[in-house]
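Peer 1: Pasting a structure below so you can have a look.
The values are calculated or read from the model by the stated rules, or taken from the named source; none is laboratory data. Note that the coordinates shown come from a computational prediction; the quantities given were computed from them, not determined experimentally. Ideal geometry is used to build each Cβ from the backbone, glycine not excepted, and the neighbour counts take in all protein chains shown.
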Amino acid sequence: MCLCGVDYFSTLGYQPSIAFEGAGILAPIATLVLVAVTLLGALPIYCHVAGETPDGVGSVGMIERIFRGWTSKIFVLILIGFAATDFVITKTLSAADATAHLLSNPLFMGSTPEWMQSQIAVTMFLLLLLSALFIKGYGEVVGLATLLVVAYIGLTAVVIGAGLFYLVSHPELLTQWIDQISAGDYHLHHTPISGKGPWVALLIACLIFPKLALGMSGFETGVLHIHLIRGKEDDPANAEGRIRRTRLLLITAALIMSMMLLGSSLVTGTGTLIPAEEFRISPDRGKAVDRALAYIAHGESPFGVCPLFGSVFGTVYDISTILILWFAGASAMAGLLNMVPRYLPRYGMAPEWAAAYRPLVIAFTVINLLVTWCFRADVSSQGGAYATGVLVLMTSAAIGSLVDLSRKPRPAEPTLKLRRRLMLAAFGLISLVFIYTTAANVIERPDGIIIASIFIACVLGMSIISRVWRSRELRLNEFRFETESDRMVWTDLCADGGFRVLVPHRPGSRSLIDKEKEVRRKHRIPAEVPLLFLEVYYGDTSEFHNSPVISVRQEEERFILVARDVASVSHTIAQIAIELGKSGGTVGHCVWMEHWQFNAPCRGIRPIRSGRCAQQCV
């Protein structure tokens, strides 16, 4: 939970500031709507995802299983693009906000030279430091995450608790906030509807809550890390135990975060303990921008919130905030390291080194540094892209869960049938809410979808190039067999070494007798040399690695090798020819009479014209 929490809980470092910027003094009401969507929408959806993906593939893997062929591949690649947006911006935005806290600390600013006070330079240094930690090892990352989350949550609870106690002890501040809402003075640059009153304020909060969507981050990384959770003490890989404990993790994290969000929005978003002008970005940057809770912890509020707060406590709180924000990228990096090797190399859409740990860490670090430089390490400018990535993944999880549930067999019992209908209705409603939230965020901040589109274009472009570049690989994953007897016959054929001539045969074009006569006549093959006929049937051609299902049948004295569920005819012919030739040390000839069009899987086999022998495989 702490590994996920460095992503989820760390958003408290900048969420209150973003909430006030988007919702003004309606931030507590909009946060309440956000919490309702989290607990009643995101939590049930990801509990379902956890139940369907105990192997840790997450919502993207569930989408892959629902669809097949190139449709599945394209969906997965697009979602990987959005996931990359989410995880990469998580690292860069969190590191930028950690830098903002650091540069706002008077102790740091007063004791360091000017060259160490650059927003971009410090952010890049933090990203490099995090990557160095990942290169050292994964176990150190998890251990440090636990320490940081416990410390940060404890100190944040002190700040929020003291602020709430002060508000309750001084009810005139809450009355001032309510009067401002009643008067329609929301401190918003633009309101979606005009008017004033409690119902108008509630409706405005419902319309603008998508701006606070960063407070829902962390669910996707939660289900991606399910493989790290112990199922049972005596059976750590037990699927049922992993699912149950992952759901407990999600519920616990969601409840803790919901309480923190509501408490922090009341303390920072009412325009009382933190004056509204301290949240302005221009013309002069307010002191509470990107560090609202730290503003309270440093005792900078015009009210004496707590005698404990001041420069000493504020510095301690800054250290914990900077560390967890810096380390928030660990959860994102772990998500990327789990997702990319799982899909892209298997699809043939990334080189083999993309499945390696350290090269991936270095590659993602370079991307993080480029993104930081492009955004000038500014927190606000990256918020749209971050929210877009989070919301698209949640929307896909909601729609995927709805489709998955609808495809399950209908139960016969009336009680279970009613339960299924209620769940379908609930998942449908949740999907509509997330679709609206995503659309509202994209319309409000189109830069997010633009940035995500760049990531998607890069993923698709590199995937196409890699697929073409790797087309000459042999691409054999394994030989599968329909029955055990087929396996035994195949083993005998390979061990015998007597079948030196492989003849691809397209069923239906001509009889085997006629084809054998023509092959022997045109290629001068003596009657005593046996022929092995090969029939190939396509499976999912979008798959990169080939795993043909082999069966063998005999018609009179002719052996016919049948390969089904193949991704590529040419690669299957090459793979079978090479396997048959292993016993003799050389590969026999491959002869065909029709125009078989394919890309050569290796240098030894080439497309040839009718009536000629293939080059011998080497």
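Peer 1: Could you list all residues from the stretch 505-516 that are surrounded by 12 or more Cβ atoms within 10 Å (Cβ to Cβ) and assigned to a helix (DSSP H, G or I)?
Peer 2: Leu512, Lys515, Glu516
Peer 1: Would you check if Ile435 is part of a helix (DSSP H, G or I), modelled with pLDDT of 90 or more, assigned by TED's automatic domain parsing to the domain that holds Thr90 and within 24 Å of Leu460 (Cβ to Cβ)?
Peer 2: For Ile435, the condition - part of a helix (DSSP H, G or I), modelled with pLDDT of 90 or more, assigned by TED's automatic domain parsing to the domain that holds Thr90 and within 24 Å of Leu460 (Cβ to Cβ) - is met.
Peer 1: Among the residues of the stretch 1-52, which ones are touching an Asp or Glu at 6+ places or on another chain (Cβ under 6 Å) and not in a helix (DSSP H, G or I)?
Peer 2: The one that is touching an Asp or Glu at 6+ places or on another chain (Cβ under 6 Å) and not in a helix (DSSP H, G or I): Tyr14.
Peer 1: In the stretch 2-41, which residues are under 21 Å from the mean Cα position of the chain (by Cα) and without any contact (Cβ under 8 Å) to a residue 12 or more places away in the chain?
Peer 2: none
Peer 1: So, one more: Working only within the stretch 275-290, note down all residues that are in contact with a helix residue (DSSP H, G or I) (Cβ under 8 Å, 6 or more places away or on another chain) and either part of a loop (DSSP other than H, G, I, E, B) or of a type outside the set (Phe, Trp, Tyr) (or both).
Peer 2: Ala276, Glu278, Ile281, Gly286, Lys287, Ala288, Val289, Asp290
Peer 1: Checking Ile193 against (1) surrounded by 16 or more Cβ atoms within 10 Å (Cβ to Cβ); (2) not in a helix (DSSP H, G or I); (3) not acidic (Asp, Glu), which test does it fail?
Peer 2: The number of the failed condition is (1).
Peer 1: Inspect all residues belonging to the stretch 501-508 and state whether any of them is free of Cβ contacts under 8 Å to residues at least 40 places away in the same chain and assigned by TED's automatic domain parsing to the domain that holds Ala354.
Peer 2: no
Peer 1: Looking only at the stretch 167-190, filter to residues that are assigned to a loop (DSSP other than H, G, I, E, B) and in contact with a helix residue (DSSP H, G or I) (Cβ under 6 Å, 6 or more places away or on another chain); which one of those is nearest to Ile208 (Cα to Cα)?
Peer 2: Leu188
Peer 1: Residue under question is Ile45, and the condition is that it be within 22 Å of the chain's Cα centre (by Cα), at pLDDT below 90 and outside the structural domain of Ser542 (by TED's automatic domain parsing); does it hold?
Peer 2: Answer is no for this residue.
Peer 1: So which residues in the stretch 214-246 are in a loop (DSSP other than H, G, I, E, B), farther than 27 Å from Leu391 by Cβ and of a type outside the set (A, V, I, L, M, F, W, C), if there are any at all?
Peer 2: Those that are in a loop (DSSP other than H, G, I, E, B), farther than 27 Å from Leu391 by Cβ and of a type outside the set (A, V, I, L, M, F, W, C): Arg230, Gly231, Lys232, Glu233, Asp234, Asp235, Pro236, Asn238.
Peer 1: Return the residues of the stretch 466-490 that are in a helix (DSSP H, G or I), among the polar types (S, T, N, Q) and touching a residue at least 24 places away in the same chain (Cβ under 8 Å); say none if nothing qualifies.
Peer 2: Ser466
Peer 1: Here is a list of conditions, (1) without any contact (Cβ under 8 Å) to a residue 24 or more places away in the chain; (2) surrounded by 22 or more Cβ atoms within 10 Å (Cβ to Cβ); (3) over 29 Å from Gly24 (Cβ atoms), and Val312 meets all of them except one; can you say which number that is?
Peer 2: The one condition Val312 does not meet is (2).
Peer 1: For Ala121, are the conditions met, namely being of a type in the set (Gly, Ala, Ser) and under 25 Å from Glu444 (Cα atoms)?
Peer 2: It is false that Ala121 is of a type in the set (Gly, Ala, Ser) and under 25 Å from Glu444 (Cα atoms).
Peer 1: Please work out which residue is surrounded by the most Cβ atoms within 10 Å (Cβ to Cβ), limiting yourself to the stretch 357-384 and to residues that are more than 28 Å from Val442 (Cβ to Cβ) and in contact (Cβ under 8 Å) with a residue 12 or more places away in the chain.
Peer 2: Out of the qualifying residues, it is Thr365.
Peer 1: Continuing with the same structure: How many residues does the stretch 103-145 contain that are in contact with an Asp or Glu (Cβ under 7 Å, 6 or more places away or on another chain) and modelled with pLDDT of 80 or more?
Peer 2: 1
Peer 1: Based on this model, can you work out whether Val312 counts as in contact with a helix residue (DSSP H, G or I) (Cβ under 7 Å, 6 or more places away or on another chain) and either assigned by TED's automatic domain parsing to the domain that holds Phe82 or assigned to a helix (DSSP H, G or I) (or both)?
Peer 2: no
Peer 1: Does the stretch 383-396 contain at least one residue that is assigned by TED's automatic domain parsing to the domain that holds Arg445, of a type in the set (Val, Ile, Thr) and more than 16 Å from the chain's Cα centre (by Cα)? Steps first, answer last, please.
Peer 2: Of all residues in the stretch 383-396, those assigned by TED's automatic domain parsing to the domain that holds Arg445 come to 383-396.
Then drop every residue that is not of a type in the set (Val, Ile, Thr), which leaves 388, 390, 392, 395.
Checking the rest, the ones that are also more than 16 Å from the chain's Cα centre (by Cα) come to none.
Looking for residues that are assigned by TED's automatic domain parsing to the domain that holds Arg445, of a type in the set (Val, Ile, Thr) and more than 16 Å from the chain's Cα centre (by Cα), one finds none in the stretch 383-396, hence no.
Peer 1: Same structure again: Name, by its number, the condition in (1) at negative phi; (2) free of Cβ contacts under 8 Å to residues at least 24 places away in the same chain that does not hold for Gly299.
Peer 2: Just one mismatch for Gly299, condition (1).
Peer 1: While we're on this one: Which ones in the stretch 443-487 are under 21 Å from Val76 (Cβ atoms) and of a type in the set (A, V, I, L, M)?
Peer 2: Ile449, Ile451, Ala452, Ile454, Ile456, Ala457, Val459, Leu460, Met462, Ile464, Ile465, Val468
Peer 1: Would you please name the residue that is nearest to Ala205 (Cα to Cα), looking only at residues in the stretch 404-452 that are touching a residue at least 24 places away in the same chain (Cβ under 8 Å) and of a type in the set (Gly, Ala, Ser)?
Peer 2: Checking each candidate, the answer is Ala440.
Peer 1: Being assigned to a strand (DSSP E or B), crowded, with 18+ Cβ neighbours inside 10 Å, at pLDDT below 85 and touching a strand residue (DSSP E or B) at 6+ places or on another chain (Cβ under 9 Å) narrows it down to one of Leu493, Leu561, Leu502, Leu534, so name that one.
Peer 2: Details: Leu493 fails: assigned to a strand (DSSP E or B); Leu561 fails: at pLDDT below 85; Leu534 fails: at pLDDT below 85.
Result of the check over Leu493, Leu561, Leu502, Leu534: Leu502.
Peer 1: Still on this structure, I have one more. Kindly provide the set of residues from the stretch 247-269 that are of a type outside the set (A, V, I, L, M) and either surrounded by fewer than 23 Cβ atoms within 10 Å (Cβ to Cβ) or assigned to a helix (DSSP H, G or I) (or both), ordered by number.
Peer 2: First pass over the stretch 247-269, keeping only residues of a type outside the set (A, V, I, L, M): 247, 252, 258, 263-265, 268-269.
Of everything in the stretch 247-269, those that are of a type outside the set (A, V, I, L, M) and either surrounded by fewer than 23 Cβ atoms within 10 Å (Cβ to Cβ) or assigned to a helix (DSSP H, G or I) (or both) turn out to be Arg247, Thr252, Ser258, Gly263, Ser264, Ser265, Thr268.
Peer 1: Hey, any hits in the stretch 17-33 for a residue that's among the aliphatic types (A, V, I, L, M) and over 30 Å from Asp318 (Cβ atoms)?
Peer 2: yes
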